[in-house]
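Engineer: Take this structure first; my questions come after.
Just so it is clear, none of the values below were taken in a lab; they were calculated from the coordinates. Keep in mind it's a predicted model, so treat the numbers as computed, not measured. Backbone-built Cβ (ideal geometry, glycine too); neighbour counts: all protein chains shown.
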Amino acid sequence: MSRARSVPSGRLARLAGLGQLAGGVVGGALAEGVRRLAQGQRPSLSDVLLTPANALRTADQLARMRGAAMKLGQMLSLDAGDLLPAELASILARLREAGDTMPPSQLNRVLTAQWGRDWRGRFARFDPRPLAAASIGQVHRAALHDGREVAVKVQYPGVAASIDADIDNVATLLRLSGLLPETLDIAPLLAEAKAQLHEEADYQREAEQMRGYGERLAGDARFVVPSPVAELSGKTVLVMDYIAGAPIETLANATQAQRNSAMAALFDLVLKEIFVFDAMQTDPNFANYRWQAESGRIVLLDFGAARPVSPQTRRAYRAMFAAGLAGNRDRLIEALVEGGFVGAAMSRKHRPALAEMVDFMIGHLNRPGLFDFADHSFVGHVRHLGEGIARDRATWHVPPAPTLFVQRKVSGTAMLAVRMKAQLPLRDMVAGALDDGPERLREN
């Protein structure tokens, strides 16, 4: 549930916010450590840092600061859910939906800086209550004088200038938690996260990406993409068409055929992004999709995380998918290592377990007919086979950042398919994507 609280916009205010977070977490850890020692226990640092109370404290402070701090928390909750303690994962998951909103006075200052004191005159109607609040900005519904219904995305003040420091400081908290092995080099990932967030904070760039997706999908009746209003948009305010739609989660109440159709469209979009568009909207947050029950169309929102798909990443997916379709276990493992999905050290040390996992996945995914995302035994068995590998922190590996962001979109789409209990001809879809790609894909 979001609340209206001013966004800390100055560098000192944001540093103080992270200081309050660190101080609160450390204080909570000391109290927890004393309690456990009194009970005769010998707690580790991670035991006392990763408590439900500290997780709640972390989520609340990140939600107040928004920006890169909250974004990193969102990414952590989505991408590392299986590695996090259950208490921390469940509470940080709140950051995917919850974010405090700007109070009217702060909103007015931001829009006055963008359009001048008479900014309300640009609209026939402007609702000061936000439709949605995310990590970088909040969205308002409005109407232009010509009757056009629009959505106005307003960036939180100070967010863009704070990205680098926020990520560095939150990464330090992660290190202190003991969650990440000291030998794990996350510097390239942090650098890429900073670059992506700077791109997301540039609303003029997002407007260009939105126009690009609108052109790519202009002939596809399965999707709706809003158009930006160029004359009202700027670097920190983006005005676009307001397109009605229900949260994508409401699709869970639709018929099996409707769920299958919608998820087939989204998987087809992901495959096109990898192999045809040379671009991908890499943020799989469910809030970026809306569903129109009457037409069955999916509204695509938030193109700040749209970025090119490199030829290297495309080749890696092509090799991995081709080996999987061919049922070639050794070639698939080789492709996983070459593409950076799996570390070489882990492949050498845990080859038998990795081979067993790959054999199981090839056998399951290559069955004829529909792949049932509601079959929890598949994910459960894969997780069971990989338990020993996951516990070996010395072989943890961070894939190349461009590949990691693409894989985040692939995994997020699969997570949505699981929630929708979709049944899809997944093997045929992947085979079709490899066969139908333009000739230049084979040349790269």
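Engineer: Under the 0.36 nm per residue contour assumption, what length would be gained going from the current alpha-carbon distance of Ala161 and Asp118 to full extension?
Structural biologist: 12.8 nm
Engineer: Something else now. When the dipole is taken about the Cα centre of region 328-444, and only Lys, Arg (+1) and Asp, Glu (-1) are charged at their Cβ, what size is it in debye, to the nearest 20?
Structural biologist: The calculation lands at about 440 debye.
Engineer: Please compute the modelled spin-label separation between Ser105 and Gln292, points set 7 Å along Cα→Cβ, answer in nm with one decimal.
Structural biologist: 4.1 nm
Engineer: ³J(HN,Hα) across region 126-141 via Karplus (A = 6.51, B = -1.76, C = 1.60, θ = phi - 60°), whole Hz, x for Gly/Pro?
Structural biologist: Going residue by residue, I get 9, 8, x, 7, x, 6, 8, 10, 10, 6, 10, x, 10, 10, 10, 9 Hz, with x marking Gly and Pro.
Engineer: Report, in listed order, any pair from Lys153/Lys409; Lys194/Lys272; Lys272/Lys421; Lys194/Lys421; Lys349/Lys409 with a Cα-Cα distance greater than 31 Å.
Structural biologist: From Lys153/Lys409; Lys194/Lys272; Lys272/Lys421; Lys194/Lys421; Lys349/Lys409, over 31 Å: Lys194/Lys421.
Engineer: Okay, moving on. Highest first, please rank the peptides 307-313, 332-338 by the mean number of other Cβ atoms sitting within 10 Å of their residues.
Structural biologist: Sorting 307-313, 332-338 by mean packing, highest first, produces 332-338, 307-313.
Engineer: Could you list which residues have their amide H under 5 Å from that of Val299, counting only those 5 or more apart in sequence or on another chain, with H placed in the peptide plane?
Structural biologist: Val224, Arg290, Trp291, Gln292
Engineer: Classify region 337-444 as rounded, prolate or oblate from the Cα gyration tensor: take a ≥ b ≥ c as the square roots of its eigenvalues, call it rounded if a/c is under 1.5, otherwise prolate when a/b beats b/c and oblate if not.
Structural biologist: In terms of gyration-tensor shape, oblate.
Engineer: Can you list the HN-Hα couplings for region 392-405, worked out from phi with the Karplus curve (6.51, -1.76, 1.60; θ = phi - 60°), rounded to whole Hz and with x for Gly and Pro?
Structural biologist: Residue by residue, region 392-405 yields 7, 4, 5, 10, 4, 8, 9, x, x, 4, x, 5, 5, 5 Hz.
Engineer: For region 148-276, give the magnitude of the charge dipole about the Cα centre (Cβ charges: +1 Lys/Arg, -1 Asp/Glu; no others), in debye to the nearest 20.
Structural biologist: Charge dipole, region 148-276, about its Cα centre: 380 debye, nearest 20.
Engineer: Here is a follow-up. Mind checking the dipole of region 362-422: about its Cα centre, +1 per Lys or Arg Cβ, -1 per Asp or Glu Cβ, Debye to the nearest 20?
Structural biologist: Computed charge dipole of region 362-422: roughly 180 debye.
Engineer: Quote the FRET efficiency, to the nearest 0.05, computed for Asp428 versus Arg351 with a Förster distance R0 of 25 Å and r equal to the Cβ-Cβ distance.
Structural biologist: Step by step, r from the Cβ atoms, then E = 0.20.
Engineer: Would you mind giving the average projected area, over all directions, of the Cα convex hull of region 234-328 in nm² with one decimal?
Structural biologist: 8.3 nm²
Engineer: Would you kindly compute the Cα radius of gyration of region 262-402 and its largest Cα-Cα separation (Dmax), both in Å?
Structural biologist: 17.1, 53
Engineer: Oh, and also: Sort 134-145, 215-226 by the packing proxy (mean of other Cβ within 10 Å over each peptide's residues), most packed first.
Structural biologist: Packing proxy ranking, top to bottom: 134-145, 215-226.
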